[in-house]
Amino acid sequence: MYNPRSYRNENISELHDVIRRYNFAALFTHRNGESFSTHLPFMIDPERGPFGTLIAHMARANPHWKAFDGAPPSLVAFMGPHAYISPAWYQEQVTVPTWNYMLVHAIGRVRLVDDNALRTMVMRLVAQHEAPLGNPWDVRKAEEAMEVEIKGIVGFEIPIDRLEGKFKLNQNRSAEDRQGVVRALEGSSHPDEREIARIMREQLERTGRNS
């Protein structure tokens, strides 16, 4: 992706954090002149490989997984929070609107997993998303249904060969302009906009401590 140096984030821990928080991502694979795209929830194992390993599954009826064999590395695009930025929030307003956002791209070759690993992966994904809800659902009540559903999916892993982060957060503006953006977004009713404000405020505080 187009990623100017001023927006580039190479902090693996921060990139993994975006993957965890915004784990519903788009997987792209290109093979023999045909392109495939599937949107899926991903998990990240940060300990496996220099950039971690992505874990996911898709429907067996989806032809996408059959394109993995012999294909070049696939791309998984994670879209973090984003927000429209009005020039009205700057001190210097003779400029144009822009968009702040956070993106993470992970690139690697896909490999399928066996059925034993697949069940473990699915249960880990369920546990990850049930835990914040207080674990209201007891999987033991649906063992038979779970076994049937597992037969209809394909599990896979992507050891990440390249991990790219783009955090476009008004780095080209003055501290005063960025503070104006933070104040405006902090009052928003949209969680993405408030999250952009939180991260920008942290950056401004870090810059202030280091100056």
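Structure notes:
- Rounded Å value of the spacing that divides the Cα centres of segment 9-37 and segment 121-151: 24 Å
- One chain, two ends: Glu205 and Met123. Fully extended at 0.36 nm per residue, the span grows by 25.5 nm beyond their Cα-Cα distance.
- Against the set [x] 159; [y] 140; [z] 127, the structure's computed volume of the Cα convex hull per residue in Å³ falls on [x].
- Under DSSP loop assignment and at most 13 Cβ neighbours within 10 Å, longest chymotrypsin sites (Phe, Trp or Tyr not before Pro)-free interval of the chain: 3-136
- Ordered by solvent-accessible area of protein heavy atoms (1.4 Å probe), largest first, the residues Asp138, Asp161, Asp17 come out as Asp161, Asp17, Asp138.
- Most to least accessible of His82, His190 (protein chains only, probe 1.4 Å): His190, His82
- Cα gyration tensor shape for segment 94-151, rounded if a/c is under 1.5, else prolate or oblate: oblate
- Candidate cross-link partners of Lys151 among the lysines, defined by an alpha-carbon separation under 19 Å and a same-chain spacing of 8 or more, comprise Lys66, Lys141.
- Probe 1.4 Å, protein heavy atoms only - accessible area per residue of the chain in square angstrom: 56 Å²
- Accessible surface of segment 72-211 [probe 1.4 Å, protein heavy atoms]: carbon and sulfur percent: 52 percent
- Only helical runs count toward this figure. For the chain, summing -39,500 (n - 2.57) over DSSP H runs of n ≥ 4 and dividing by all residues gives -10000 deg cm²/dmol at 222 nm.
- Across Gln171, Gln93, Gln179, mean-square fluctuation computed from a Gaussian network of the chain (C-alpha pairs under 10 Å connected) peaks at Gln93.
- Heavy-atom accessible surface of segment 1-59: percent carbon and sulfur, 1.4 Å: 50 percent
- Shown here for segment 1-94: GluC sites (Glu not before Pro) in loop regions (DSSP other than H, G, I, E, B) with at most 12 other Cβ atoms within 10 Å, namely Glu10, Glu47, Glu92.
- Choice from Asn32, Asn170, Asn23 showing the highest fluctuation, given a GNM over the chain with Cα pairs closer than 10 Å: Asn32
- If R0 equals 30 Å, the separation of the Cβ atoms of Glu10 and Ala71 corresponds to a calculated FRET efficiency of about 0.65.
The values are calculated or read from the model by the stated rules, or taken from the named source; none is laboratory data. Predicted model, so just to flag it, every value in this text is computed and none were measured. Virtual Cβ from ideal backbone geometry, glycine too; neighbours counted across all protein chains shown. SASA here: full protein model, heavy atoms, side chains in, ligands and nucleic acids out. Shrake-Rupley method; radii C 1.70, N 1.55, O 1.52, S 1.80 Å.
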